[in-house]
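The values are calculated or read from the model by the stated rules, or taken from the named source; none is laboratory data. Just so it is clear, the structure is predicted and the values come from calculations on it, not from any experiment. Here the Cβ is made from the backbone with ideal geometry for all residues, glycine too, and neighbour counts use every protein chain on show.
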Amino acid sequence: MKSELRFLSLSHRQAPVALRQRYSLPEQVQEPLARQIQDEFPDIRGLLILTTCNRFECWFESASTRAATLRDYLISALEGPSSQQSCRERFELSDQTQATVNHLFRVAAGLESAVLGDAEILHQIKRAFLKSASWKLQGSLLERSLQSIFRLHKRISNETAFRDGTTSTAYKALKTIADEFGPDAAADKKILLVGAGDIIGQVLKYNDKFGFSNLYLTNRTEARAQAMASTYGIQPWPWARLNAGELGSFDAIISAVSHVPGLISSGWAGDRKVVLIDLAVPGNIAPQQKLGKLVSLYDLDAIAAQLQHTRETRLEAAGRVAEILAEEQALFQQWFNKQPLRSKLAAWKPRVRAAVAILLTDREQVRLETARIMRYLARDPELLESPARIEMLIEEHCGLALVETPIAL
C-alpha cells in the first residue's frame with residue numbers, strides 16, 4: 001500500500017492557550033512519545049513533532065494509520081480518555097499528501113503564524129526534523145518535503161520582501177539600540193531592562209541575535225527578577241535604585257512594566273548618547289523636562305509605526321509567496337507521483353547490475369553502464385514490463401551478444 005504524508009494540528013487559530021499549553025511537550029518526553037507511537041502504529045515510517053507557544057503539529061508518513069486515529073491516540077495519551085470529545089473538534093487534520101504538504105509549506109513560510117512572516121518557525125521545524133532523523137523517523141516523504149521547504153524559504157527571501165524587517169516590538173527595541181549606536185559599538189553598551197513579564201522575556205530571547213553582553217534586569221518583585229536574570233545569564237539590579245533615579249551608568253533602558261505610569265522620570269546621563277525605549281501602556285517613561293539632543297525616546301507608538309510598515313510590506317508580498325508555494329508544491333507533487341516508477345527502478349537496478357557484471361569485468365565500467373541503462377529505463381518506463389527488451393537494451397549498451405554469454409533477469 002502506498003504511503004501518504006498526513007498531519008494533525010492544534011494552533012492559535014483553533015484552540016485557546018489553555019488547551020495548547022497541554023500539548024507543549026518538553027524535549028525529554030518527545031522521544032519516548034515517538035517510540036510509543038511507533039510501537040502502536042508500526043506502519044508509521046516518518047514522524048515530526050513540533051511544539052511552540054502557538055501550535056502543536058504532528059506530520060507523519062504512513063500506509064494505513066489515519067490522522068484521526070493518531071489524534072485520538074495522542075489525546076488519550078496526553079490528557080486521558082475523558083478528554084476525547086472536548087478536544088477532537090479543535091484539531092485540523094488531513095490524510096492526503098497534497099493537503100499535508102500545503103499545510104506544512106504554509107506553516108514553514110510563516111503564512112499561518114500569529115505574526116505574519118515569522119521566520120523563527122522555519123528554524124523550529126528544522127530542529128524538529130533533526131530530532132526525527134536522530135530517532136530514525138525522518139521518512140522519505142518527510143525528508144523530501146523538508147528539502148522543498150528549504151528551497152521555498154530561499155526563494156521567498158530572494159524573490160519577495162516577505163522576510164524584510166520585523167513585526168516584533170521586542171526585536172525592534174533591540175534593533176533600535178543597535179541602529180542608534182552602530183553594530184560595532186552596541187555590543188558592550190550597558191542596558192537596563194525594567195520588568196520581568198512576557199515582553200522583557202521576548203527581548204531576552206531575541207538578544208541571541210544581537211549579542212548584547214552587558215545587560216541588567218530589575219523588577220518590582222525581586223524573586224522574579226533574580227529568576228529571569230539567572231535563566232538568561234544576566235545581572236539583577238535593585239528596584240530601589242531605579243526608584244532613586246540612579247540610572248546614569250546605563251546607555252539604554254527598555255521598560256515594560258504594566259500599570260505603572262511615569263515610573264521613570266529622570267536619572268539618565270545627559271552628557272552622552274542614551275536610548276530610552278518605553279514598551280508599556282500606559283507609558284513608564286515620562287521625562288520631567290525636555291530631553292537633550294543626546295537622549296532619544298521611543299514609545300510604543302513610535303515602535304509600532306515602524307512595525308506597521310513591515311506588516312504592510314509583508315501583506316503586499318503574501319500573494320507572491322502563495323504563488324511560489326504553489327510552484328514548489330507542484331514540483332513536490334510531480335516527485336510524489338513518480339514514486340511507483342522509482343520503486344520499480346529500485347527493484348530492477350540490482351538485477352541489471354548483475355547482468356552487466358556478467359558481460360563486463362571492469363568494476364567502473366559496470367557502474368557506469370548500469371547507471372546509463374537505469375537512466376534509459378527511467379525515460380522509457382514501459383520497458384520495465386518486458387525482461388526480454390531489457391536484455392536487448394543491456395546487450396546494446398555492453399556491445400556483447402547475450403546469446404554467447406547468457407544472463408538471467
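For Arg320, are the conditions met, namely being touching an Asp or Glu at 6+ places or on another chain (Cβ under 8 Å), surrounded by 12 or more Cβ atoms within 10 Å (Cβ to Cβ) and of a type in the set (D, E, K, R)? When the stated conditions are applied, Arg320 passes them.
Report whether or not Ala280 is in contact with a Lys or Arg (Cβ under 9 Å, 6 or more places away or on another chain), crowded, with 20+ Cβ neighbours inside 10 Å and small (Gly, Ala, Ser). So Ala280 does not fit the description; no.
On the basis of being of a type outside the set (D, E, K, R) and part of a helix (DSSP H, G or I), does Ile75 make the cut? The answer is yes for Ile75. Within region 129-145, being of a type in the set (A, V, I, L, M) and crowded, with 21+ Cβ neighbours inside 10 Å holds for Leu137, Leu141, Leu142. Exactly one residue out of Thr100, Thr65 is assigned to a helix (DSSP H, G or I), among the polar types (S, T, N, Q) and either modelled with pLDDT of 95 or more or in contact with an Asp or Glu (Cβ under 6 Å, 6 or more places away or on another chain) (or both): that is Thr100.
Contact map, region 233-254: first residue β-branched (Val, Ile, Thr), second residue part of a loop (DSSP other than H, G, I, E, B), Cβ cut-off under 8 Å, separation 6 or more or different chains; pairs are Ile253/Leu247; Ile253/Trp268; Ile254/Leu279. Residues in region 1-60 that are under 20 Å from Arg144 (Cβ atoms) and of a type in the set (Phe, Trp, Tyr): 3 in all. Condition check: surrounded by 20 or more Cβ atoms within 10 Å (Cβ to Cβ) and either at pLDDT below 95 or not in a loop (DSSP other than H, G, I, E, B) (or both). Does Ala34 satisfy that? So Ala34 passes the test. When region 132-168 is filtered for residues that are assigned to a loop (DSSP other than H, G, I, E, B), at negative phi and out of contact with any strand residue (DSSP E or B) (no Cβ under 8 Å at 6 or more places or on another chain), the ones remaining, listed by number, are Thr160, Ala161, Phe162, Arg163, Asp164, Thr166, Thr167, Ser168.
Scanning region 20-55 for residues that are over 16 Å from the mean Cα position of the chain (by Cα) and among the hydroxyl-bearing types (Ser, Thr, Tyr) yields a single hit, Tyr23.
Looking at Val260, is it outside the structural domain of Gln98 (by TED's automatic domain parsing), β-branched (Val, Ile, Thr) and part of a loop (DSSP other than H, G, I, E, B)? Yes; evaluated as a whole, the condition is true for this residue.
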